[in-house]
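Asks: Handing you this structure, nothing more for now.
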Amino acid sequence: MRKKIQYGTLVAAAFLYLSTTAGAQAAPAQLASAIVQTSGIADSASFDGVVEAVRQTVIASQVQGAITALQVKAGDTVKAGQVLLRIDARAASQNSAASRAQVQAARAALDVATREYHRQKQLLEKEYISQAAFERAEAQFRATSAELNAQIAQAGATDIQSGFFVVKAPYSGVVSEVPAALGDMAMPGRPLLTMYDPSALRVAAAVPQTALAGFGAQTHAKIELPALPAERQWLDRPQLQVLPTFDAGTHSGLVRVDLPEGIKGITPGMFARIWLPAAGQAATRLYVPITAVVRRAEMTGLYVIGADGKPILRQVRLGRARNDVVEVLTGVTAGERVSLDPQAAMAR
(Lines give C-alpha, C1' and ligand atoms only; values in the text may rest on other atoms or scores of the structure.)
Protein backbone atom coordinates (compact mmCIF):
# COMPACT_ATOMS: atom_id res chain seq x y z
CA MET A 1 0.00 0.00 0.00
CA ARG A 2 2.91 2.30 0.76
CA LYS A 3 4.46 1.73 -2.75
CA LYS A 4 1.19 2.65 -4.47
CA ILE A 5 1.04 5.94 -2.53
CA GLN A 6 4.63 6.77 -3.48
CA TYR A 7 3.96 5.99 -7.16
CA GLY A 8 0.85 8.22 -7.19
CA THR A 9 2.79 10.99 -5.50
CA LEU A 10 5.53 10.83 -8.17
CA VAL A 11 2.98 10.98 -11.03
CA ALA A 12 1.25 13.98 -9.48
CA ALA A 13 4.58 15.75 -9.00
CA ALA A 14 5.61 15.10 -12.61
CA PHE A 15 2.28 16.40 -13.91
CA LEU A 16 2.62 19.52 -11.74
CA TYR A 17 6.19 20.08 -13.06
CA LEU A 18 5.10 19.78 -16.71
CA SER A 19 2.20 22.11 -16.17
CA THR A 20 4.41 24.68 -14.49
CA THR A 21 7.05 24.46 -17.25
CA ALA A 22 4.47 24.85 -20.03
CA GLY A 23 3.02 27.88 -18.33
CA ALA A 24 6.48 29.41 -17.93
CA GLN A 25 7.16 29.28 -21.72
CA ALA A 26 6.23 32.49 -23.57
CA ALA A 27 3.28 32.38 -25.92
CA PRO A 28 4.31 32.49 -29.59
CA ALA A 29 4.50 36.04 -30.94
CA GLN A 30 1.77 37.11 -33.31
CA LEU A 31 2.68 37.41 -36.96
CA ALA A 32 2.78 40.87 -38.52
CA SER A 33 -0.13 40.92 -40.92
CA ALA A 34 -2.24 43.14 -43.13
CA ILE A 35 -5.79 43.00 -44.42
CA VAL A 36 -6.47 42.57 -48.12
CA GLN A 37 -7.61 46.04 -49.17
CA THR A 38 -10.07 46.97 -51.91
CA SER A 39 -9.92 49.94 -54.22
CA GLY A 40 -12.58 51.02 -56.68
CA ILE A 41 -10.72 52.61 -59.58
CA ALA A 42 -11.41 53.07 -63.25
CA ASP A 43 -10.02 50.32 -65.40
CA SER A 44 -7.05 51.14 -67.58
CA ALA A 45 -5.21 49.58 -70.48
CA SER A 46 -1.52 49.62 -71.32
CA PHE A 47 0.10 50.19 -74.71
CA ASP A 48 3.72 49.44 -75.42
CA GLY A 49 5.73 52.41 -76.57
CA VAL A 50 9.21 53.83 -76.80
CA VAL A 51 11.02 56.85 -75.44
CA GLU A 52 11.97 59.31 -78.15
CA ALA A 53 13.53 62.76 -78.30
CA VAL A 54 11.35 65.69 -79.24
CA ARG A 55 14.34 67.19 -81.03
CA GLN A 56 16.63 64.68 -82.75
CA THR A 57 18.82 65.61 -85.70
CA VAL A 58 20.66 63.57 -88.30
CA ILE A 59 23.54 65.80 -89.39
CA ALA A 60 24.65 65.28 -92.98
CA SER A 61 27.23 66.91 -95.18
CA GLN A 62 26.31 69.61 -97.69
CA VAL A 63 29.60 69.34 -99.58
CA GLN A 64 31.95 66.66 -100.80
CA GLY A 65 35.34 65.99 -99.26
CA ALA A 66 37.41 63.75 -97.04
CA ILE A 67 36.85 63.93 -93.27
CA THR A 68 40.08 65.33 -91.81
CA ALA A 69 39.06 65.71 -88.15
CA LEU A 70 36.44 63.90 -86.10
CA GLN A 71 36.23 65.54 -82.67
CA VAL A 72 33.29 63.70 -81.02
CA LYS A 73 32.18 60.15 -80.36
CA ALA A 74 28.89 58.50 -79.41
CA GLY A 75 27.80 59.50 -75.93
CA ASP A 76 29.58 62.87 -75.86
CA THR A 77 27.72 65.93 -74.61
CA VAL A 78 28.19 68.95 -76.88
CA LYS A 79 27.24 72.61 -76.74
CA ALA A 80 25.60 74.72 -79.42
CA GLY A 81 28.17 75.85 -81.99
CA GLN A 82 30.80 73.31 -80.95
CA VAL A 83 32.87 71.90 -83.83
CA LEU A 84 31.95 68.27 -84.47
CA LEU A 85 34.08 67.42 -87.50
CA ARG A 86 36.01 69.01 -90.32
CA ILE A 87 36.07 68.21 -94.04
CA ASP A 88 38.99 68.87 -96.37
CA ALA A 89 38.42 72.46 -97.54
CA ARG A 90 41.57 73.16 -99.57
CA ALA A 91 39.71 73.39 -102.88
CA ALA A 92 37.04 75.58 -101.30
CA SER A 93 39.71 77.91 -99.93
CA GLN A 94 41.16 78.32 -103.43
CA ASN A 95 37.73 79.06 -104.86
CA SER A 96 37.16 81.65 -102.15
CA ALA A 97 40.49 83.31 -102.93
CA ALA A 98 39.62 83.37 -106.64
CA SER A 99 36.28 85.00 -105.89
CA ARG A 100 37.92 87.72 -103.83
CA ALA A 101 40.36 88.40 -106.65
CA GLN A 102 37.48 88.75 -109.12
CA VAL A 103 35.85 91.24 -106.77
CA GLN A 104 39.01 93.33 -106.75
CA ALA A 105 39.17 93.24 -110.55
CA ALA A 106 35.55 94.32 -110.80
CA ARG A 107 36.20 97.24 -108.43
CA ALA A 108 39.11 98.39 -110.56
CA ALA A 109 37.00 98.20 -113.70
CA LEU A 110 34.27 100.17 -111.97
CA ASP A 111 36.72 102.90 -110.99
CA VAL A 112 37.75 103.29 -114.64
CA ALA A 113 34.13 103.28 -115.81
CA THR A 114 33.18 105.85 -113.18
CA ARG A 115 35.91 108.30 -114.19
CA GLU A 116 35.05 107.85 -117.85
CA TYR A 117 31.36 108.45 -117.13
CA HIS A 118 32.07 111.75 -115.32
CA ARG A 119 34.47 112.85 -118.08
CA GLN A 120 31.93 112.20 -120.80
CA LYS A 121 29.29 114.02 -118.80
CA GLN A 122 31.44 117.15 -118.60
CA LEU A 123 32.16 116.98 -122.33
CA LEU A 124 28.46 116.67 -123.05
CA GLU A 125 27.69 119.76 -120.99
CA LYS A 126 30.22 121.70 -123.13
CA GLU A 127 28.73 120.15 -126.30
CA TYR A 128 32.03 118.59 -127.30
CA ILE A 129 30.50 115.09 -127.75
CA SER A 130 27.21 113.77 -128.95
CA GLN A 131 24.42 112.44 -126.79
CA ALA A 132 25.04 108.95 -128.14
CA ALA A 133 28.67 108.96 -126.98
CA PHE A 134 27.62 109.96 -123.48
CA GLU A 135 24.97 107.24 -123.36
CA ARG A 136 27.56 104.62 -124.30
CA ALA A 137 29.78 105.74 -121.40
CA GLU A 138 26.78 105.69 -119.05
CA ALA A 139 25.85 102.18 -120.13
CA GLN A 140 29.42 100.99 -119.60
CA PHE A 141 29.38 102.47 -116.08
CA ARG A 142 26.13 100.74 -115.16
CA ALA A 143 27.26 97.39 -116.56
CA THR A 144 30.52 97.55 -114.66
CA SER A 145 28.67 98.42 -111.45
CA ALA A 146 26.34 95.46 -111.92
CA GLU A 147 29.31 93.20 -112.60
CA LEU A 148 30.87 94.27 -109.30
CA ASN A 149 27.66 93.47 -107.42
CA ALA A 150 27.53 90.06 -109.05
CA GLN A 151 31.14 89.32 -108.11
CA ILE A 152 30.51 90.40 -104.51
CA ALA A 153 27.48 88.09 -104.29
CA GLN A 154 29.46 85.22 -105.81
CA ALA A 155 32.25 85.75 -103.31
CA GLY A 156 29.74 85.75 -100.45
CA ALA A 157 28.23 82.47 -101.66
CA THR A 158 31.73 80.96 -101.92
CA ASP A 159 32.52 82.05 -98.36
CA ILE A 160 29.28 80.53 -97.10
CA GLN A 161 30.03 77.28 -98.90
CA SER A 162 33.48 77.26 -97.31
CA GLY A 163 31.76 77.22 -93.92
CA PHE A 164 30.06 73.94 -94.83
CA PHE A 165 33.41 72.16 -94.47
CA VAL A 166 33.28 72.74 -90.69
CA VAL A 167 30.30 70.91 -89.14
CA LYS A 168 29.06 72.44 -85.87
CA ALA A 169 26.40 71.40 -83.35
CA PRO A 170 23.08 73.15 -84.07
CA TYR A 171 22.09 73.01 -80.38
CA SER A 172 23.29 71.64 -77.05
CA GLY A 173 22.69 67.91 -76.79
CA VAL A 174 24.12 64.41 -76.76
CA VAL A 175 25.75 62.62 -79.70
CA SER A 176 23.93 59.30 -80.05
CA GLU A 177 25.52 57.83 -83.18
CA VAL A 178 28.59 58.50 -85.34
CA PRO A 179 28.47 56.34 -88.50
CA ALA A 180 31.33 58.25 -90.14
CA ALA A 181 35.03 57.66 -89.47
CA LEU A 182 38.18 59.68 -89.92
CA GLY A 183 39.21 59.61 -93.58
CA ASP A 184 35.77 58.74 -94.94
CA MET A 185 34.48 60.63 -97.95
CA ALA A 186 31.66 62.95 -96.99
CA MET A 187 28.97 63.27 -99.64
CA PRO A 188 26.01 65.64 -99.80
CA GLY A 189 23.13 64.03 -97.92
CA ARG A 190 25.21 61.26 -96.33
CA PRO A 191 24.61 61.09 -92.53
CA LEU A 192 27.70 61.92 -90.51
CA LEU A 193 26.32 61.75 -86.97
CA THR A 194 23.09 61.86 -84.97
CA MET A 195 22.42 63.95 -81.87
CA TYR A 196 19.41 64.73 -79.67
CA ASP A 197 18.34 67.15 -76.98
CA PRO A 198 18.03 65.26 -73.65
CA SER A 199 16.01 68.03 -72.01
CA ALA A 200 12.91 67.27 -74.11
CA LEU A 201 11.83 63.62 -74.23
CA ARG A 202 8.48 61.92 -74.78
CA VAL A 203 6.88 58.50 -74.98
CA ALA A 204 5.18 57.46 -78.21
CA ALA A 205 2.89 54.44 -78.60
CA ALA A 206 0.59 53.09 -81.28
CA VAL A 207 -2.97 52.82 -79.92
CA PRO A 208 -5.80 51.05 -81.77
CA GLN A 209 -8.39 53.29 -83.33
CA THR A 210 -11.19 51.84 -81.19
CA ALA A 211 -9.32 52.61 -77.97
CA LEU A 212 -8.80 56.26 -78.93
CA ALA A 213 -12.49 57.11 -79.01
CA GLY A 214 -13.23 60.05 -76.75
CA PHE A 215 -9.62 60.88 -75.92
CA GLY A 216 -8.49 64.50 -76.02
CA ALA A 217 -5.54 66.64 -75.07
CA GLN A 218 -6.66 66.75 -71.41
CA THR A 219 -6.86 62.97 -71.00
CA HIS A 220 -4.96 61.83 -67.92
CA ALA A 221 -2.30 59.23 -68.70
CA LYS A 222 0.24 57.25 -66.71
CA ILE A 223 3.71 56.44 -67.96
CA GLU A 224 5.54 53.28 -66.90
CA LEU A 225 9.31 53.11 -67.33
CA PRO A 226 10.29 49.52 -66.38
CA ALA A 227 14.03 50.20 -66.75
CA LEU A 228 14.06 52.64 -63.82
CA PRO A 229 14.06 51.72 -60.11
CA ALA A 230 10.67 50.83 -58.64
CA GLU A 231 10.22 54.17 -56.90
CA ARG A 232 10.70 56.08 -60.19
CA GLN A 233 8.92 53.82 -62.67
CA TRP A 234 5.55 55.60 -62.64
CA LEU A 235 4.75 59.11 -63.83
CA ASP A 236 1.41 60.91 -63.96
CA ARG A 237 1.00 63.14 -66.98
CA PRO A 238 -2.08 65.37 -67.37
CA GLN A 239 -1.90 65.77 -71.14
CA LEU A 240 -1.31 63.68 -74.23
CA GLN A 241 -1.12 64.32 -77.94
CA VAL A 242 -3.06 62.20 -80.43
CA LEU A 243 -1.88 62.61 -84.00
CA PRO A 244 -4.76 63.31 -86.39
CA THR A 245 -3.95 60.49 -88.83
CA PHE A 246 -4.13 56.69 -88.53
CA ASP A 247 -1.98 53.97 -89.99
CA ALA A 248 -3.83 52.33 -92.89
CA GLY A 249 -2.27 48.91 -92.21
CA THR A 250 -2.79 48.62 -88.45
CA HIS A 251 -5.69 51.09 -88.01
CA SER A 252 -3.90 52.60 -85.05
CA GLY A 253 -3.03 56.14 -84.12
CA LEU A 254 0.15 57.52 -82.61
CA VAL A 255 -0.11 58.86 -79.07
CA ARG A 256 2.63 61.00 -77.59
CA VAL A 257 3.10 62.00 -73.96
CA ASP A 258 5.78 64.51 -72.99
CA LEU A 259 8.05 63.59 -70.11
CA PRO A 260 9.12 66.09 -67.44
CA GLU A 261 12.64 67.47 -67.56
CA GLY A 262 15.40 66.16 -65.38
CA ILE A 263 14.58 62.43 -65.40
CA LYS A 264 17.86 60.56 -65.10
CA GLY A 265 18.48 57.14 -66.57
CA ILE A 266 16.31 57.33 -69.70
CA THR A 267 17.43 57.74 -73.28
CA PRO A 268 15.68 57.58 -76.67
CA GLY A 269 14.86 54.03 -77.69
CA MET A 270 14.05 52.73 -74.20
CA PHE A 271 10.92 50.63 -73.69
CA ALA A 272 7.95 52.31 -71.98
CA ARG A 273 4.21 51.88 -71.52
CA ILE A 274 1.36 54.35 -71.73
CA TRP A 275 -1.61 53.55 -69.47
CA LEU A 276 -4.88 55.09 -70.62
CA PRO A 277 -8.31 54.92 -68.99
CA ALA A 278 -10.49 52.26 -70.58
CA ALA A 279 -14.19 52.54 -71.21
CA GLY A 280 -16.53 51.08 -68.60
CA GLN A 281 -17.44 51.33 -64.94
CA ALA A 282 -15.00 51.41 -62.09
CA ALA A 283 -13.78 47.97 -61.07
CA THR A 284 -13.05 46.72 -57.57
CA ARG A 285 -9.43 45.66 -57.17
CA LEU A 286 -7.65 43.88 -54.33
CA TYR A 287 -4.26 44.99 -53.06
CA VAL A 288 -1.72 43.58 -50.58
CA PRO A 289 1.73 44.84 -49.53
CA ILE A 290 4.56 43.67 -51.76
CA THR A 291 6.43 42.33 -48.71
CA ALA A 292 3.73 39.69 -48.20
CA VAL A 293 4.37 38.02 -51.57
CA VAL A 294 6.14 34.66 -51.60
CA ARG A 295 7.91 33.44 -54.74
CA ARG A 296 9.14 29.86 -54.98
CA ALA A 297 10.30 28.81 -58.42
CA GLU A 298 7.22 29.23 -60.63
CA MET A 299 4.77 29.56 -57.73
CA THR A 300 3.61 32.92 -56.38
CA GLY A 301 1.64 32.90 -53.15
CA LEU A 302 0.59 34.55 -49.91
CA TYR A 303 0.45 33.23 -46.35
CA VAL A 304 -3.22 33.72 -45.43
CA ILE A 305 -3.92 33.67 -41.70
CA GLY A 306 -6.96 31.53 -40.90
CA ALA A 307 -9.53 31.89 -38.15
CA ASP A 308 -7.36 29.76 -35.83
CA GLY A 309 -4.39 32.11 -36.36
CA LYS A 310 -2.39 29.60 -38.41
CA PRO A 311 -0.86 30.82 -41.70
CA ILE A 312 -1.64 28.78 -44.80
CA LEU A 313 0.26 29.24 -48.05
CA ARG A 314 -2.15 29.99 -50.88
CA GLN A 315 -1.23 30.38 -54.55
CA VAL A 316 -2.31 33.67 -56.12
CA ARG A 317 -2.02 35.52 -59.40
CA LEU A 318 -0.68 39.06 -59.21
CA GLY A 319 -1.37 42.10 -61.31
CA ARG A 320 0.27 45.49 -61.55
CA ALA A 321 2.35 46.90 -58.70
CA ARG A 322 1.75 50.40 -57.40
CA ASN A 323 4.38 51.89 -55.11
CA ASP A 324 4.58 49.43 -52.15
CA VAL A 325 1.42 47.42 -52.91
CA VAL A 326 0.53 44.93 -55.62
CA GLU A 327 -2.80 43.96 -57.13
CA VAL A 328 -4.05 40.41 -56.52
CA LEU A 329 -6.15 39.09 -59.37
CA THR A 330 -7.11 35.68 -57.93
CA GLY A 331 -6.51 33.68 -54.75
CA VAL A 332 -7.75 35.92 -51.93
CA THR A 333 -10.87 37.83 -51.02
CA ALA A 334 -11.38 41.25 -49.49
CA GLY A 335 -10.99 41.32 -45.71
CA GLU A 336 -8.69 38.30 -45.41
CA ARG A 337 -5.49 38.77 -43.45
CA VAL A 338 -2.07 37.95 -44.92
CA SER A 339 1.29 37.64 -43.22
CA LEU A 340 3.83 40.39 -43.85
CA ASP A 341 6.72 38.11 -42.87
CA PRO A 342 6.68 35.00 -45.10
CA GLN A 343 9.76 33.56 -43.42
CA ALA A 344 8.18 33.68 -39.95
CA ALA A 345 4.92 32.30 -41.33
CA MET A 346 6.74 29.37 -42.94
CA ALA A 347 8.33 28.52 -39.54
CA ARG A 348 4.89 28.16 -37.99
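The values are calculated or read from the model by the stated rules, or taken from the named source; none is laboratory data. Fair warning: this is a prediction, and the values are worked out from it, not measured in the lab. Cβ placement follows ideal geometry from the backbone for every residue including glycine, while neighbour counts extend to all protein chains displayed. Ligands, DNA and RNA are stripped out before the accessible areas are found, and what is left, the full protein with its side chains, is counted by its heavy atoms. Shrake-Rupley method; radii C 1.70, N 1.55, O 1.52, S 1.80 Å.
Asks: If you go through segment 21-52, how many residues are at pLDDT below 55 and open to solvent by 70 Å² or more (accessible area, probe 1.4 Å)?
Replies: Number satisfying all stated conditions: 5.
Asks: Here's another thing I want to ask about it. Checking PRO238 against (1) open to solvent by 60 Å² or more (accessible area, probe 1.4 Å); (2) in contact (Cβ under 8 Å) with a residue 40 or more places away in the chain, which single condition isn't satisfied?
Replies: Tallying (1) open to solvent by 60 Å² or more (accessible area, probe 1.4 Å); (2) in contact (Cβ under 8 Å) with a residue 40 or more places away in the chain, PRO238 fails exactly one: (2).
Asks: Same structure, new question: Mind checking which residues of segment 148-187 are in contact (Cβ under 8 Å) with a residue 40 or more places away in the chain, within 19 Å of ALA69 (Cβ to Cβ) and open to solvent by 60 Å² or more (accessible area, probe 1.4 Å)?
Replies: Within segment 148-187, GLN161, PHE164, LYS168, PRO170, GLU177, LEU182, MET185, MET187 meet the criteria.
Asks: For VAL338, are the conditions met, namely being in contact (Cβ under 8 Å) with a residue 40 or more places away in the chain, in contact with a helix residue (DSSP H, G or I) (Cβ under 6 Å, 6 or more places away or on another chain) and β-branched (Val, Ile, Thr)? I'd like the intermediate steps shown before the answer.
Replies: Working: in contact (Cβ under 8 Å) with a residue 40 or more places away in the chain: yes; in contact with a helix residue (DSSP H, G or I) (Cβ under 6 Å, 6 or more places away or on another chain): yes; β-branched (Val, Ile, Thr): yes.
Judged against the criteria, VAL338 is a match.
Asks: Let me ask you something else. With segment 186-246 as the region, which strands (runs of 3 or more DSSP E) entirely inside it contain at least 2 residues that are under 16 Å from the mean Cα position of the chain (by Cα)?
Replies: Numbers: elements: 191-196, 201-208, 221-224, 234-237, 241-246.
Ranges flagged: 191-196, 201-208, 221-224, 234-237.
Asks: Now for a separate question. Does VAL103 satisfy being at pLDDT 75 or above, open to solvent by less than 50 Å² (accessible area, probe 1.4 Å) and in a loop (DSSP other than H, G, I, E, B)?
Replies: no
Asks: Quick one: would you say THR210 is at pLDDT 85 or above and of a type in the set (Val, Ile, Thr)?
Replies: No, not satisfied.
Asks: Scan segment 74-100 for residues that are among the small types (Gly, Ala, Ser), buried (at least 17 other Cβ atoms within 10 Å of the Cβ) and at pLDDT 90 or above and jot them down.
Replies: Hits for segment 74-100: nothing passes.
Asks: Among residues belonging to segment 323-348 that are of a type in the set (S, T, N, Q) and part of a loop (DSSP other than H, G, I, E, B), point out the one that is farthest from ARG232 (Cα to Cα).
Replies: Step by step, filter segment 323-348, then rank; the result is THR333.
Asks: A further question follows. If I ask for residues that are free of Cβ contacts under 8 Å to residues at least 60 places away in the same chain and either open to solvent by 60 Å² or more (accessible area, probe 1.4 Å) or not polar (S, T, N, Q) (or both), which ones from segment 285-302 would you list?
Replies: Within segment 285-302, ILE290, THR291, VAL293, VAL294, ARG295, ARG296, ALA297, GLU298, MET299, GLY301, LEU302 qualify.
Asks: Name the residues in segment 310-322 that are without any contact (Cβ under 8 Å) to a residue 40 or more places away in the chain and either farther than 14 Å from VAL36 by Cβ or outside any loop (DSSP other than H, G, I, E, B) (or both), would you?
Replies: As a first pass, look at segment 310-322 and keep what is without any contact (Cβ under 8 Å) to a residue 40 or more places away in the chain: 310, 312-320.
Answer for segment 310-322, where residues must be without any contact (Cβ under 8 Å) to a residue 40 or more places away in the chain and either farther than 14 Å from VAL36 by Cβ or outside any loop (DSSP other than H, G, I, E, B) (or both): LYS310, ILE312, LEU313, ARG314, GLN315, ARG317, LEU318, GLY319, ARG320.
Asks: Find the residue count for segment 291-348, including only residues that are closer than 28 Å to GLU231 by Cβ, of a type in the set (Gly, Ala, Ser) and in contact with a strand residue (DSSP E or B) (Cβ under 7 Å, 6 or more places away or on another chain).
Replies: 7
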